[in-house]
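In what follows, a structure is listed as structure tokens, so that the remarks can point back to it.
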Amino acid sequence: MLYAILCYHDEDFVGSWSKDQDEAVMKKLAVVQEKLTSQGRLGPVARLLPTTAAATLRKEDPPLVLDGPYAETKEQLLGFYIVDCKNLDDALDVARDLGAANPGGAYEVRPVGVFRPGGIPA
Amino acid sequence: MSETDTAWIETALTSARPQAVGALLRYFRDLDTAEEAFQNACLRALKTWPQNGPPRDPAAWLIMVGRNVAIDEVRRTRKQQPLPEDDQAISDLDDAEGALADRLDGSHYRDDILRLMFICCHPQLPATQQIALALRIVSGLTVKQIARAFLVSDAAMEQRITRAKAKVAEAGTPFETPGAVERSERLAGVAAMIYLIFNEGYSASGDTAELRKPLCEEAIRLARLLLRLFQSEPEIMGLTALILLQHARSAARFAADGSLILLDDQDRTLWNGTMIAEGLALIDKAMRHRRSGPYQIQAAIAALHARASTPDETDWTQIDLLYGALELVQPSPVVTLNRAVAVSKVRGPQAALDLIEPLAPKLANYFHFYGVRGAFLMQLGRNDEARIAFDRAIALANTSAEAAHIRMHIDRLIRDSQPKGANGGARQGAKAK
């Protein structure tokens, strides 16, 4: 069974890290990631850009694009995609196609800052 | 408590600061009291957080404790003074904070932070005082840190901040929740102040760049904060994108000797890719609103530079159009001067020179005018006139880096004017363009 581990933190707090603090955290995380990699257990790792860079596509008809991250407590995170897109419009087109196939709910389109593909065999 | 623990608590205090000081200011209606209440709450946090762990909502904890400490203080000093509203001071903070903090009304935060920022960019304050006050009150930088970033003495900075505070108190500030129109006016003022802070750091020369970098980083932090509060304001997206895209180049802007490296000559692999990605994502989002404004246009220009992996790939035609749009919404001779650079790339140096000639009376004391003019004249082979323009630029240079940069042009002119074949100088000079 594969498990997704989703990272949560207060954005104001993380955004107030100094460069040194940020690097210190990333270094410690790298040690854990390294261990998992050597065991062949680590899949993709992504660090997302701030929520302010996000747009949300509500899958209504027609789909509605909103600024900011997805925030709706009565719905749950059910899965995610990583897609290579030229720009936001391109990414929203992909989200629209997905939304047409799978009605209801929303897709948050959030640019990825750091991406490592990982080594789990497909 | 280890040194690292303290560092993390300080980060938590910094990030909670705008919200907490903003709320305390709404409560006490006085900058000094609010600031002092926050300081006292921070001292308590440093004492109790390492033992009890950080509270679930640090900002709410700090507001509650700050309020109570200040009210206790009032009680102690003036026994007869009635307490504001019906709040009660709590002596047993450790037990009471959790439940009380949860009851704080989070919906006020947005206006609190905006009001706090707005007070700092009070229109009656000169720009330098606005920036200093914002860095002190909103960001919580020490007077010493601010003084160092501004390259003035501690005493001078202390005086500047004290004066600013006095002027704010004197002018009186409305504390009621701003209406929609006023809020958008305030927002524009706050955006301008954040951009001023950024520029204060960004305009540093090579030898002071490292020292003033914290100003740029703080401006980015504040812009992101403002954008979190107003997620659908395209101009705030534009502002944030603009400063991210500019700051992304900081590692490539100066040579080892402190001299300025022009955009065309920068090592683009040194640009910060993550910051560029964030900036591009934000400007993409802003453009979808179809409500362009000066920050968005400038960010769009910066984005076109950022998207080009080599200078040759730069879309100068598009940049020329964007500067044209900027001239419409924010006409200024400096904007036209910047546009001329794009024009020279698209339509050649003569067209660019024709564009800037009428600006001469207005920009008679502007360093960049003569630098740019000299460059165009040089490209047209009018070397004697170019030399005169460059000499004038050196006389007007604000920093040694600016002067050094112009001297480099003059050296190139001298090389070019030597007879062909002499050390191959002419060919080299032509290639360097």
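The values are calculated or read from the model by the stated rules, or taken from the named source; none is laboratory data. Bear in mind the structure is a predicted one, so any value in this text is a computation, not a measurement. Here the Cβ positions follow ideal geometry from the backbone for every residue, glycine too, while neighbour counts run over all protein chains shown. Note: areas computed on protein heavy atoms with side chains; ligands, DNA, RNA excluded. Shrake-Rupley method; radii C 1.70, N 1.55, O 1.52, S 1.80 Å.
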### Task
Just one of (1) more than 12 Å from chain A (Cβ to nearest Cβ); (2) without any contact (Cβ under 8 Å) to a residue 60 or more places away in the chain; (3) more than 20 Å from B:I119 (Cβ to Cβ) trips up B:T240, so point out which.
(1)
### Task
Identify the single condition in (1) crowded, with 19+ Cβ neighbours inside 10 Å; (2) modelled with pLDDT under 95; (3) among the hydroxyl-bearing types (S, T, Y); (4) closer than 29 Å to B:L377 by Cα that B:S250 does not satisfy, given that it satisfies every other one.
(4)
### Task
State yes or no: is B:D257 surrounded by fewer than 19 Cβ atoms within 10 Å (Cβ to Cβ), charged (D, E, K, R) and touching a Pro at 6+ places or on another chain (Cβ under 7 Å)?
no
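Output the residues belonging to the stretch A:70-91 that are acidic (D, E) and over 19 Å from B:D284 (Cα atoms).
We begin by selecting, within the stretch A:70-91, every residue acidic (D, E); these are A:72, A:75, A:84, A:89-90.
Of everything in the stretch A:70-91, those that are acidic (D, E) and over 19 Å from B:D284 (Cα atoms) turn out to be A:E72, A:E75.
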### Task
Test each condition in (1) modelled with pLDDT under 85; (2) under 28 Å from B:L244 (Cβ atoms); (3) not in a loop (DSSP other than H, G, I, E, B) for B:E200 and report the one that comes out false.
(1)
### Task
Filter the stretch B:260-286 down to residues that are open to solvent by less than 30 Å² (accessible area, probe 1.4 Å) and away from chain A (no Cβ under 11 Å) and give me whichever is nearest to A:R47 (Cα to Cα).
B:W271
### Summary
Over the stretch B:149-166, the set of residues surrounded by 15 or more Cβ atoms within 10 Å (Cβ to Cβ), modelled with pLDDT under 90 and either in contact with a Cys (Cβ under 7 Å, 6 or more places away or on another chain) or not β-branched (V, I, T) (or both) is B:A149, B:F150
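Answer with yes or no whether B:L282 is touching a Ser or Thr at 6+ places or on another chain (Cβ under 7 Å) and not β-branched (V, I, T).
In short, yes.
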### Task
Among the helices (runs of 4 or more DSSP H) lying completely within the stretch B:324-389, list those that include at least 2 residues that are aromatic (F, W, Y).
B:367-379
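What are the residues in the stretch B:1-57 that are assigned to a loop (DSSP other than H, G, I, E, B) and either surrounded by 18 or more Cβ atoms within 10 Å (Cβ to Cβ) or in contact with a Cys (Cβ under 6 Å, 6 or more places away or on another chain) (or both), if any? Please lay out each step first, then the result.
In the first step, residues of the stretch B:1-57 are kept if they are assigned to a loop (DSSP other than H, G, I, E, B); the result is B:1-2, B:29-30, B:53-57.
B:P55, B:D57 - these are the residues of the stretch B:1-57 that are assigned to a loop (DSSP other than H, G, I, E, B) and either surrounded by 18 or more Cβ atoms within 10 Å (Cβ to Cβ) or in contact with a Cys (Cβ under 6 Å, 6 or more places away or on another chain) (or both).
Which one of these is loosely packed, with under 11 Cβ neighbours inside 10 Å and in contact with a Gly (Cβ under 8 Å, 6 or more places away or on another chain): A:G104, A:G40, A:G79, A:G118? Walk me through how you get there before you give the answer.
Values: A:G104 fails: in contact with a Gly (Cβ under 8 Å, 6 or more places away or on another chain); A:G79 fails: in contact with a Gly (Cβ under 8 Å, 6 or more places away or on another chain); A:G118 fails: loosely packed, with under 11 Cβ neighbours inside 10 Å.
Criteria check complete, one pass: A:G40.
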### Query
B:H289 fails exactly one of the following numbered conditions: (1) assigned to a helix (DSSP H, G or I); (2) within 14 Å of chain A (Cβ to nearest Cβ); (3) in contact (Cβ under 8 Å) with a residue 40 or more places away in the chain. What is the number of that condition?
(1)
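Residues in the stretch B:183-194: is at least one among the charged types (D, E, K, R) and either in contact with a Pro (Cβ under 7 Å, 6 or more places away or on another chain) or at positive phi (or both)? Break it down stepwise before answering.
Pass one, the stretch B:183-194, residues among the charged types (D, E, K, R): B:183, B:185-186.
Keeping just the survivors that are either in contact with a Pro (Cβ under 7 Å, 6 or more places away or on another chain) or at positive phi (or both) gives B:186.
There is at least one residue in the stretch B:183-194 that is among the charged types (D, E, K, R) and either in contact with a Pro (Cβ under 7 Å, 6 or more places away or on another chain) or at positive phi (or both).
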### Query
Just a yes or no: is a residue in the stretch A:94-109 in a helix (DSSP H, G or I) and within 11 Å of another protein chain (Cβ to nearest Cβ)?
no
### Residue, least open to solvent (accessible area, probe 1.4 Å), within the stretch B:224-233, restricted to residues that are facing chain A (nearest Cβ under 9 Å) and assigned to a helix (DSSP H, G or I)
B:L227
#### Entry: Test for B:P174: is it crowded, with 17+ Cβ neighbours inside 10 Å and either closer than 30 Å to B:S400 by Cα or without any contact (Cβ under 8 Å) to a residue 60 or more places away in the chain (or both)
no
